[in-house]
Amino acid sequence: MLNGAALPYSNGCLEGFNRKIKQIERTAFGYSNFINLLTRIRLEENQYTEKEPNSLLMTA
């Protein structure tokens, strides 16, 4: 505990992220696969970006 008061480092951000993941798992009552869980976490954290269409396949 002394190190927590003396040092400028904290794991509060990581603890908050872990709490958010656990809350997502509880709210969803479990996911059928892990990819859906990862997608939901990324959506909640605004880390999800849609892929751009492949311009090589789209020919006019």
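Derivation of every value follows stated rules applied to the coordinates shown; laboratory data play no part. The shown structure was predicted, so the numbers you read here are calculated from the model rather than taken from an experiment. Note that each Cβ is placed from the backbone with ideal geometry, even for glycine, and that neighbours are counted across all protein chains shown.
In whole Hz, what ³J(HN,Hα) sequence does the range 8-14 give by Karplus (6.51, -1.76, 1.60; θ = phi - 60°), x for Gly and Pro?
x, 8, 8, 9, x, 5, 5
Any idea how far apart L2 and R19 come out in nm if each label point goes 7 Å out from Cα toward Cβ?
In this crude label model, L2 to R19 measures out at 2.8 nm.
Sticking with the crude label model, points 7 Å out along Cα→Cβ, report the distance from I41 to A28 in nm, one decimal please.
0.9
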